[in-house]
Structure formats: C-alpha cells, structure tokens
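The values are calculated or read from the model by the stated rules, or taken from the named source; none is laboratory data. Quick caveat: nothing in here was measured; it's all calculated off a predicted structure. Neighbour counts are summed over all protein chains in view; Cβ atoms, including those assigned to glycine, are modelled from backbone coordinates with ideal geometry.
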Amino acid sequence: MAINRATLRQFLLQEYRTHGVEKDLVFLLEDIATACREISTLIRNGSFLETLGTAGSTNVQGEAQKKLDVIANEQFESHIRNCSRVAALVSEEVDEVTWLKDTAKAGDYIVYFDPLDGSSNLNVNLSVGSIFSIMQLPEDAVAGDVNTVLRDGSFQICSGYSIFGPATTLVLTLGHGVHEFTNHLATGEFRIVSRNMTIPEDCNEFAINASRFADWDAPVRNYIEDCIAGQNGPRGKSFNMRWTASMVVDIHRILTRGGVFLYPVDARNRAEGGKLRLMYEANPIAFLVEQAGGSASTGTARILDIQPESPHQRASVILGSRNEVLRIEEHYRQED
Ligand code: P6P
C-alpha cells in the first residue's frame, strides 16, 4: 500500500503556519519545482528532442554550453518570473545580473541558480542537477546596482537542489532543517520522502577529483594520503572514494550517509580562485550542509561568511561530516 506522503505544497504551507515562511516564497518554490520537473522531462527525452549536444556558445565561465544548459536556464527564468517578489536573477549561464524590477521596493527576492550542474554527464546518461539559492534584498537596496546582489551566504532564506537521476528529487532548506522530496510520476507532484536529513559527524568516504593530486596544496594532499593509508595509517580505518563529476549527486550522498566533498583551490585553478562558484554552487550547498549538522569551509574560513566581490566568483569548497572538515582545517592551520 502506498504510504501517504505530504506534497511539496502541504509541506510549504505547514512551514508558512509554523515558521512564518512568506506565501510569496511558497509560490516561488512551487514554480522552481515545476521548472525542475520540466527540465527533468526534457533531459529524459533529450535523445529524441536532439537537445543533448552542444549549443555552439560559451557561458561567462568560458565553458562550452550544452543545449540543455541554455534550455534549463530558460526554464528557470520563465518560471521564476511568475513571482512578483523577485527583483533580480543571477544565473551561471548569464554574465549580467537580470533585473526584473526598477526599485527594490517593487521586489525583494534575489534568486541565484546553476540551472544545469554537471552537464558534462548528460550525453553519457549520468545524473545531473539544478542548484538554487534565494536571498532577500535589504530595505535600502538599489535596483540595478550589482553590489546589491553581493550578499554573503548567511543572508540566504532558502536554498536547494534537484537531481535528475533514476528519480527526480528536490532537496531544500528554509532554515529549519533539510527535507527531501521525490517526484511522483503518476501525479507529477513532489512528495516528501525524508525530513531533517542529518550528516553523521564522522565518515569513511571522501569525494575529490584525485586526478588533480599533483596540483593539491599540502593540507589536502596530507589529508587524502592519511585517508588512503587505511587501517595501518594515521586514521586507523579504511576509506572509500566516490566522484561523480556532478556536485549535487556527491552532496546528496553525503546528506544521506555522510562523507566529505573537496574541490579546493589548487595550483591549477588558483588564478581563478578555484573551480566552483560561490553564489550559486558553494553558498546554497553550504547552507544545506550546515542545516544538516555538517560543516562548510574553504579550509581556512566558513563559506557562508565569504563577502562576495563579483556575481560569478569562485571559492575553495570543503564540506560534509563535521569532524572530517575540522580535521582538514587543522591540516591548513599546520601549514600556516
Ligand atoms: P571535474 C560540474 O562541472 C562541477 O561544477 C560540479 O558539479 C562537479 O563537482 C565538478 O564541477 C566536477 O569537476 O574537475 O571533475 O570536471
């Protein structure tokens, strides 16, 4: 017998009643969920819609865009525009900030998003996802001024991701725990499958692109070598490694069973400030990880405390099981 699972709307209205979540945010999140559901369908039918290839363009990151990168961006933007409270959009796929209002009084939400993360996995049928983060503008915000959207991650009122995998899932936080929803194909609704996801403080699994070993700074190399040394090494236990090349998938595993994810600044990406982008990858994931009892660090500072200087800036990302992140931060302190 099917278990009666609350729909996303029932959950969000409960958050409205118990935590005073604004109804405009409820409707915005429903629109974002619809965008995710549509992107999921477009990916599954990609072979027949001939949308799995490259778009022939590059994004602000200088990366070749996939057709679905562009389509996913259009889906996010068109659905988010339904919400009259949204003043600005910051998308990985668009260089400029998109302003929807002339004054902050007319709208006070900012939505940052990576519409399709891990899209290099698309044409090999591996899971990809979307990441979003929502902040509120300050009272004195000036619409049209890029500095208005440069708020540190502690100002997020909501963040989440969707994974387009064997199931289409939606994981979000409104500052009161992390909750997971699965798209119910028969009804098209997102229904809750787990509440208050919690990351175990300890783990025996790390996620890192090990091909960059030669570029790592000493703290990262020392930490990973200790893990790989196994039972007879300084950790006294063996470790497993996972790397999916899709951040949301690695993070979902960590939220589900623990682990630590590392994409640090290294010799190869130091000039750009790292690989992952702060506003729509590191910040939203850091908010989720902290809400689930984990830690999110650059190795030397809390990610959510970083004061952004540009909408597409990158950051060093080390996050997951609290005691592992603390251990890595200790390696950084030893190098000081
Ligand atoms: P690499 C995807 O391009 C991404 O931004 C993250 O989703 C993922 O964790 C990382 O980059 C993969 O990087 O070096 O394995 O290609």
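Which one of these is within 15 Å of the ligand (Cβ to nearest atom), surrounded by 13 or more Cβ atoms within 10 Å (Cβ to Cβ) and not polar (S, T, N, Q): Arg253, Arg235? Only one candidate passes the filter, namely Arg253.
One line per residue, one yes/no per condition, for (1) modelled with pLDDT under 95; (2) closer than 30 Å to Ala267 by Cβ:
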residue	(1), (2)
Asp117	no, yes
Gln136	yes, no
Asp145	yes, no
Ser154	no, no
Thr173	no, no
Phe190	no, no
Ala207	no, yes
Trp216	no, yes
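Of all residues in region 111-151, those that are more than 16 Å from the ligand (Cβ to nearest atom), under 21 Å from Val60 (Cβ atoms) and among the acidic types (Asp, Glu) total 1. Considering Glu93, Glu77, the condition of being under 20 Å from Pro284 (Cβ atoms), within 21 Å of the chain's Cα centre (by Cα), at pLDDT 90 or above and part of a loop (DSSP other than H, G, I, E, B) is satisfied by Glu93 alone. A residue that is more than 18 Å from Pro308 (Cα to Cα), of a type outside the set (Gly, Ala, Ser), in contact with a Ser or Thr (Cβ under 6 Å, 6 or more places away or on another chain) and away from the ligand (no atom under 13 Å from the Cβ) occurs somewhere in region 271-289.
State which residue is nearest to Ser130 (Cα to Cα) when the search covers only region 22-63 and only residues that are hydroxyl-bearing (Ser, Thr, Tyr) and touching a residue at least 24 places away in the same chain (Cβ under 8 Å). That would be Ser40. Condition check: outside any loop (DSSP other than H, G, I, E, B), outside the structural domain of Ile306 (by TED's automatic domain parsing) and not hydrophobic (A, V, I, L, M, F, W, C). Does Gly160 satisfy that? When the stated conditions are applied, Gly160 passes them.
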